[in-house]
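Bear in mind that the values in this text are calculations on the coordinates, not laboratory data. What you are looking at is a predicted structure, and each value in this text was computed from that prediction instead of being measured. Cβ placement follows ideal geometry from the backbone for every residue including glycine, while neighbour counts extend to all protein chains displayed.
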Amino acid sequence: MDVVLDNLDRIAGGLGVTVTLTLASWVGAFAIGVVVASFRVGPIPPLRVLGASYVEVVRNCPLTVLFVVFFFGFPSIGITQPPFTSAVIVLSVYTGAFVAETVRAGVNTVARGQVEAARSLGLGFTQVLGLVVLPQALRSVVGPLGSLFSALIRNSSVAYTIGLVELTLTANQIALETAQFVPVFTGVALAYLALTLPTGLALGVIERRVAIRR
């Protein structure tokens, strides 16, 4: 493992990019997911169709393909972004589809009687959704959302395909320079575990604390 220790500064730099990329992408994915889930449970048919189409198309596209199409294909129509921005956009759009379905599942756990009671008080759809339904729905899906966050950490490694120097590409560069692939990628695997395991434990604690007692 000497090769890992000798290049610890580079690995730490790549790890920092991975963490920043993950957090930025999660903010985008969560926002997209909540909006699309709202479309899917809303009263406007065209928005329901739009939300369903987005979810089905994105969830059935390989993430690597989305990266390649966006970064290498979109410049031909005048859309050009640097690698980090491109990675945030692609990961947000991809993960947002899964967040949307998770949030929609949470919405379906909210008792219909509460929705009807809110409507009887004169609240509109947006008010019912924002004040009554979503707060309960999100509390009921903390665990699944945590799993998606952990998956996002791992999926961030696909950004190496567009040249973003995050943890995986840094490891690949070091391995090519030193010809020691096994120890380098073993060290990187441990670095990913250092991110995902504590995240899972922390979210498990949060899930138990915010769980709705039924």
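Helices in the chain that qualify as membrane-span-like (whole DSSP H runs, Cα extent of at least 18 Å along the helix axis, mean Kyte-Doolittle hydropathy of -0.5 or higher) are 8-41, 45-59, 83-107, 142-155, 181-210. Per-residue ellipticity at 222 nm from helix content only, as computed over the chain with -39500 (n - 2.57) for each DSSP H run of at least four residues, stands at -24000 deg cm²/dmol. Compared with the alpha-carbon gap, the fully stretched path from VAL35 to GLN81 is longer by 14.1 nm at 0.36 nm per residue.
The alpha carbon gyration tensor of the range 18-165 gives principal lengths a ≥ b ≥ c with a/c of 1.5 or higher and a/b greater than b/c, which makes the shape prolate. Cα centroids of the range 127-194 and the range 89-104: 14 Å apart. Shape of the range 1-85 from its Cα gyration tensor (a ≥ b ≥ c, root eigenvalues): rounded if a/c is under 1.5, otherwise prolate when a/b > b/c, or oblate? Verdict is prolate for the range 1-85.
Which parts of the range 151-183 would a label at ASP2 reach, counting a residue when its backbone N lies under 20 Å from a point 7 Å out along Cα-to-Cβ? Under 20 Å, as judged by backbone N against the label point of ASP2, lie 174-183 of the range 151-183.
Tell me, what is the FRET efficiency for ALA194 and LEU123 to the nearest 0.05, using R0 = 35 angstrom and their Cβ-Cβ distance as r? Plugging the Cβ-Cβ distance into 1/(1 + (r/R0)^6) gives 0.20.
For the range 18-165, the dipole from Cβ point charges (+1 on Lys and Arg, -1 on Asp and Glu) about the Cα centre works out to 220 debye, to the nearest 20. When the P(r) of the range 124-196 is calculated, the portion above 18 Å amounts to 58% of the C-alpha pairs.
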